[in-house]
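Student: Attaching a single structure in structure tokens format; questions to follow.
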Amino acid sequence: MQHEVDVLVIGAGPSGSVAAAIIHKAGLSVQVVEKMRFPRFVIGESLLPRCMEALDEAGFLPALKAKGFQQKDGAKFVWDELVCDFNFSQQFTHGWQWTWQVPRADFDKVLADECESRGIDIAYETEVINVVINEDGHSVTTVKQKDGTTDTIKAKFIVDGSGYGRVLPTLFGMNNESRQHTRKAVFCHITDQHRENYVEPNRIIIGVHDPETWIWVIPFSNGNTSVGYVGKPEFFELFPGDAEEQFRALLAANAVLAHRFADTEFIWDQPRSLQAWSSTTDTFYGNGFVLTGNVTEFLDPVFSSGVTLAVTSAQKAANLVIKHFNGEQVDWQKDYMDIMLRGIDVFRTYVNAWYDGDLFDIFFSEQRDSAIMDKICSILAGYVWDERNPFVKNHEKNIRNLSRYLRSLKNV
Ligand SMILES: Cc1cc2nc3c(=O)[nH]c(=O)nc-3n(C[C@H](O)[C@H](O)[C@H](O)COP(=O)(O)OP(=O)(O)OC[C@H]3O[C@@H](n4cnc5c(N)ncnc54)[C@H](O)[C@@H]3O)c2cc1C
């Protein structure tokens, strides 16, 4: 581990690896510290095409392609017999038309290994426990190693990509309550013997279980599939028993999944659960540091925005860090936080419209207009900064008006 560097990156998740790779490419010295040993599990397996641009700039695409991850061409929303199928080749924005569905343990390891192969040091099983930033923005970070010993790293700048660890917002008292409702997810990787009977696996399924509960189905290229239920915590109390009994009961309770996964085997010993993941922070930057990825704000998994926002924020932040080291003036508010918030706010509108039912009126309407759906498809592909798209530029108004209009047609 280097004890004095230009840039310290906290966390070797997608945002940390992308930031480290881009900054290192510019000739700055970089040290990454990662609390866990890799490969490690993290949730967030369905990517969006927009993330390919950041992975490309970081130089990760050849290594990822070589890994043979499952290609993702779209997303299918299903509510009983109602289906709304988005294909990324039919979208308004001229961007990437595909991406991947990935077990994150493998995906994150490819990115981290790529960083190491270029000479970036990653100190695994090394946890940041304290950070002191001087007036000039230079910092001294205390880390704790697996054996309990501590060490320090001096850095001229810190990129905090610690995800759910939320290192700097926690140390500096910047965490904020999210306005999203508390939701819970119960999920497992399972075998998928009957996959060939379905029009897949090159897309994910988002199933509506009931208006407040949805399901993800994310097939991987290894033949296994990730299945998860997301709903209010009370919903899961309807399914008592241990974790395995509960998950089998959840699968059996849904018409779309019951048949396909009746004889499934669990890849993990136990299904896992997560709750209350939404969080935000007062600011995304400060003297001598920037926050990237989940540390900034995480809303909800329904539109798979997490990794795309993580790598896009890392890409933008890394380029501004390079500018800063080149002695150029950086306006972090205007050139970083405002831009990131614009994209996050577009997703926020769609997440809220999903949970209040407005998107059901649009997705499952018989009167869907293909030109409008192409514009919405671009948002689901992660192109939330393309202001030529009216469903980006006036996201809230256009979604609300469209759903009202389609609902009124239904009531005629
Ligand atoms: C139920 C659920 C489903 C989701 N599904 C999707 C999905 O389908 N698609 C999608 O794009 N996103 C999804 N997400 C979101 C996704 O999990 C995150 O957005 C994504 O992992 C963020 O990447 P990151 O690099 O910011 O952080 P992470 O991937 O969390 O990486 C952060 C790293 O920092 C390390 N770290 C933490 N604390 C410290 C410390 N003190 N010192 C050193 N290292 C530290 C951690 O060990 C970790 O490796 C989902 C989230 C939830 C809750």
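Student: Which of the strands (runs of 3 or more DSSP E) contained wholly in segment 1-110 include at least 1 residues that are within 13 Å of the ligand (Cβ to nearest atom)?
Tutor: In segment 1-110, the matching strands (runs of 3 or more DSSP E) lie at 4-10, 30-33, 70-72, 74-79, 99-101.
Student: Can you list the helices (runs of 4 or more DSSP H) found entirely within segment 287-383 that contain at least 2 residues being within 11 Å of the ligand (Cβ to nearest atom) and either modelled with pLDDT of 95 or more or within 22 Å of Asn87 (Cα to Cα) (or both)?
Tutor: 306-325
Student: Where in segment 130-193 are there strands (runs of 3 or more DSSP E), lying wholly inside it, with at least 1 residues that are over 20 Å from Arg104 (Cβ atoms) and within 27 Å of the chain's Cα centre (by Cα)?
Tutor: 139-145, 150-160
Student: While we're on this one: Just to check your reading of the model, which residue among Ala58, Ala63, Ala75 is in contact with an Asp or Glu (Cβ under 9 Å, 6 or more places away or on another chain) and either assigned by TED's automatic domain parsing to the domain that holds His209 or within 28 Å of Phe363 (Cβ to Cβ) (or both)?
Tutor: Selected residue: Ala75, the only one of Ala58, Ala63, Ala75 that is in contact with an Asp or Glu (Cβ under 9 Å, 6 or more places away or on another chain) and either assigned by TED's automatic domain parsing to the domain that holds His209 or within 28 Å of Phe363 (Cβ to Cβ) (or both).
Student: In addition: Inside segment 150-204, can you point out the residues that are touching a residue at least 60 places away in the same chain (Cβ under 8 Å), within 12 Å of the ligand (Cβ to nearest atom) and farther than 29 Å from Ser226 by Cα?
Tutor: Residues satisfying the conditions are Ile153, Ile158, Val159, Leu168, Pro169.
Student: Go through the residues of segment 55-70 one by one and say whether even a single one is buried (at least 23 other Cβ atoms within 10 Å of the Cβ) and small (Gly, Ala, Ser).
Tutor: Within segment 55-70 (the criterion being buried (at least 23 other Cβ atoms within 10 Å of the Cβ) and small (Gly, Ala, Ser)), the answer is yes, since at least one residue qualifies.
Student: Which of the residues spanning segment 213-239 are surrounded by 14 or more Cβ atoms within 10 Å (Cβ to Cβ) and aliphatic (A, V, I, L, M)?
Tutor: Ile215, Val217, Ile218, Val227, Val230, listed by residue number.
Student: Criterion first (farther than 25 Å from Phe347 by Cα, of a type in the set (Asp, Glu) and buried (at least 23 other Cβ atoms within 10 Å of the Cβ)) does Glu34 satisfy it?
Tutor: Spelling it out, Glu34 is indeed farther than 25 Å from Phe347 by Cα, of a type in the set (Asp, Glu) and buried (at least 23 other Cβ atoms within 10 Å of the Cβ).
Student: Considering segment 166-212 alone, what residues qualify as being aromatic (Phe, Trp, Tyr) and surrounded by fewer than 18 Cβ atoms within 10 Å (Cβ to Cβ)?
Tutor: Correct list: Phe172, Tyr198.
Student: For segment 121-134, what are the residues that are more than 12 Å from the ligand (Cβ to nearest atom) and more than 20 Å from Thr170 (Cα to Cα)?
Tutor: Passing the criteria: only Asp121.
Student: Any residue in segment 341-370 that's touching a residue at least 12 places away in the same chain (Cβ under 8 Å): show its pairings with residues that are among the acidic types (Asp, Glu) and in a loop (DSSP other than H, G, I, E, B) at Cβ separation under 7 Å, as long as the two are six or more apart or on different chains.
Tutor: Val351/Asp300
The values are calculated or read from the model by the stated rules, or taken from the named source; none is laboratory data. Computed from a predicted model, the values in this text were never measured in an experiment. In this analysis, Cβ positions are derived from the backbone assuming ideal geometry, glycine residues included, and neighbour counts consider all displayed protein chains.
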